[in-house]
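> The structure's right below; bear with me while I get my questions together.
The values are calculated or read from the model by the stated rules, or taken from the named source; none is laboratory data. Every value quoted in this text rests on a predicted model; they were computed, and no experiment measured them. Reconstructed Cβ throughout: ideal geometry from the backbone, glycine too, with neighbour counts over all protein chains shown. Surface areas here come from the heavy atoms of the whole protein model, side chains and all, with no ligands, DNA or RNA. Shrake-Rupley method; radii C 1.70, N 1.55, O 1.52, S 1.80 Å.
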Amino acid sequence: MSQADRVVGTARVKRGMAEMLKGGVIMDVVDAHQAKIAEDAGAVAVMALERVPADIRAQGGVARMSDPSMIEEIQKSVTIPVMAKARIGHFVEAQILQAIGVDYIDESEVLTPADYTHHIDKWNFTIPFVCGATNLGEALRRINEGAAMIRSKGEAGTGDVSNATTHMRAISDEIRRLSSMREDELYVAAKELQAPFDLVKEVATTGKLPVVLFTAGGIATPADAAMMMQLGADGVFVGSGIFKSGNPAKRAEAIVRATTYYSDPKIVAETSRGLGEAMVGINVADIPVPHRLAERGW
Amino acid sequence: MSSIGVLALQGDVSEHLRALAECGARAFGVKNREDLEKCDGLVIPGGESTTISKLARTFELFEPIRNKIKEGQPVYGSCAGMILIADRVNDAMAGQETFGGLDVTVRRNAFGRQVDSFESDLEFSSAKPFTFHAVFIRAPWVEEVGKDVSILASVDGHPVAVRQGNLFATAFHPELTSDGRIHKYFLEEVVKG
């Protein structure tokens, strides 16, 4: 067999890559040192970015794709997959990330959107994309554009898990509702969800999204991670929660353990001991609506 | 009916459970030593090999699995699972441990990063050879094999499916397709054979 027989960038290898991350924790890191801590703690992948969401929130200004040199340094320092973020709709940032060989692109509301109408046409890329969603309709619109993995958005950079809970519950409630419908009711359901009929029908038949569903935004403790897993997440993104805490290495390891043994309260209790200070955090309710990142994306 | 455990610490556990059930096995996840005792055969799934080995160490499954392999437990490792049952690993994370048992040297992420992940047909040479459509994701390949290891499939001269007695490994992911012949091979040739 020769190289010519190989087909790259298929939906199956893109979605399959996300399947391999299931049951795992993906950690935000800003440099090679943090990336090593994450790998040593058992992260399944790292997300390379210049500022964690809590700092983006605190410092303000336009948040963009990271410097390629910084991403490459992280790629050199770890053997696990490296993801990176592009702005919503910024297809050239995505082209750059593909060119430097990141393993997954997060088209992320945490960065300042580059297009307030269109998301990136993700089918045009060999590299897979993960996108955020607050409900089923949004998830299916992203999948229709080629997203190979979905993460519930939560509210990044807060350490407040309430929005992650809301979004995970919203997605699974809507899936359950579709599963209980007659086939002739799915047309209106598709209209209401503002999602393509074929995807709506697929979800109604299988009772799940056609891609892996992680959760993100506000996870700060092992208990937060275990709750998201019990609510049906396939895995967890932790952003500011680790490196904005008192003891990142220990907390990272604890969140990895709690994500695997999420249904065993004894183990989650054990992992929750003596972790030092959690990130201070902000209550989502105290953030004015226009400053909430989850509102970005359409 | 064989009872087949799938190591359920991290990775695409549910895909293997589905594939095994479709082949008529009684399939269940393995998260502790009691589960491990119930297995006629063990599958180590695709996932992140560094994460799985770390969790196995933390939750005291590492030595029990290593002992099971030594005692002749039939084991199938796909992708990360292949790495985890290999005796030697190139491009490993510093200090990365494997259960070992399979006398091969495996290179991690040998085909490249995710952008190079691919699908391809390959020839699987068992007693009844067949063509299989294989999915490779940041896949390893086998670089050196010991004298007791047989090579069952290759891509560009690199072995991607190998067998040594009770141990069977593929660099690709049959669990991501609806073709159950690789799992059937494990059940019929390795577990019962």
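> Take the conditions closer than 26 Å to A:Ala11 by Cβ and open to solvent by less than 30 Å² (accessible area, probe 1.4 Å) and apply them to A:Arg151. Does it pass? Talk me through it step by step, then tell me what you get.
Details: closer than 26 Å to A:Ala11 by Cβ: yes; open to solvent by less than 30 Å² (accessible area, probe 1.4 Å): yes.
Yes, satisfied.
> Further question on the same structure: Return yes when A:Ala225 is without any contact (Cβ under 8 Å) to a residue 40 or more places away in the chain and crowded, with 21+ Cβ neighbours inside 10 Å and no when it is not.
No: the conditions fail for A:Ala225.
> Can you name the number of the only condition in (1) out of contact with any Gly (no Cβ under 6 Å at 6 or more places or on another chain); (2) open to solvent by 10 Å² or more (accessible area, probe 1.4 Å) that A:Thr126 fails?
That leaves (1) as the condition not met.
> Does any residue of the range B:137-157 turn out to be among the aromatic types (Phe, Trp, Tyr), within 30 Å of A:Met83 (Cβ to Cβ) and more than 11 Å from chain A (Cβ to nearest Cβ)?
Taking the range B:137-157 and keeping what is among the aromatic types (Phe, Trp, Tyr), we get B:141.
Remaining after also requiring within 30 Å of A:Met83 (Cβ to Cβ): B:141.
Next, from what is left, pick out any that are more than 11 Å from chain A (Cβ to nearest Cβ): B:141.
Yes - at least one qualifying residue is present in the range B:137-157.
> Now for a separate question. How about the range B:40-139: which helices (runs of 4 or more DSSP H) wholly inside it have at least 1 residues that are out of contact with any strand residue (DSSP E or B) (no Cβ under 8 Å at 6 or more places or on another chain), buried (at least 23 other Cβ atoms within 10 Å of the Cβ) and modelled with pLDDT of 95 or more? Full working, then the answer.
Working: elements: B:49-58, B:62-70, B:80-85.
Hits in the range B:40-139: B:49-58.
> Of everything in the range A:60-102, what is among the basic types (Lys, Arg) and buried (at least 21 other Cβ atoms within 10 Å of the Cβ)? Give them in sequence order.
Of everything in the range A:60-102, those that are among the basic types (Lys, Arg) and buried (at least 21 other Cβ atoms within 10 Å of the Cβ) turn out to be A:Lys85, A:Arg87.
> Sort out which residues of the range A:4-20 are at the interface with another protein chain (Cβ under 7 Å from one of its Cβ atoms) and either at pLDDT below 95 or outside any helix (DSSP H, G or I) (or both), and write them in order of number.
Listed by number, the residues that qualify are A:Asp5, A:Arg6, A:Val7, A:Val8, A:Thr10, A:Met20.
> In addition: Has the range A:191-205 got any residue that is surrounded by fewer than 21 Cβ atoms within 10 Å (Cβ to Cβ) and within 14 Å of another protein chain (Cβ to nearest Cβ)?
No; the residues of the range A:191-205 include none that is surrounded by fewer than 21 Cβ atoms within 10 Å (Cβ to Cβ) and within 14 Å of another protein chain (Cβ to nearest Cβ).
> Here's a follow-up. Looking at the range B:10-29, which of its residues are over 15 Å from the mean Cα position of the chain (by Cα) and crowded, with 21+ Cβ neighbours inside 10 Å?
Selection gives B:Ala25, B:Ala27.
> Identify, by number, the condition in (1) at pLDDT 95 or above; (2) closer than 27 Å to B:Arg113 by Cβ; (3) touching a helix residue (DSSP H, G or I) at 6+ places or on another chain (Cβ under 8 Å) that A:Ala156 doesn't meet.
(1)
> Please find, among B:Val145, B:Val149, the residue that is among the aliphatic types (A, V, I, L, M), touching a Leu at 6+ places or on another chain (Cβ under 8 Å) and touching a residue at least 40 places away in the same chain (Cβ under 8 Å).
None of the others qualify; the one that does is B:Val149.
> Let me ask something else about it. Test each condition in (1) facing another protein chain (nearest Cβ under 10 Å); (2) part of a strand (DSSP E or B) for A:Gly23 and report the one that comes out false.
(2)
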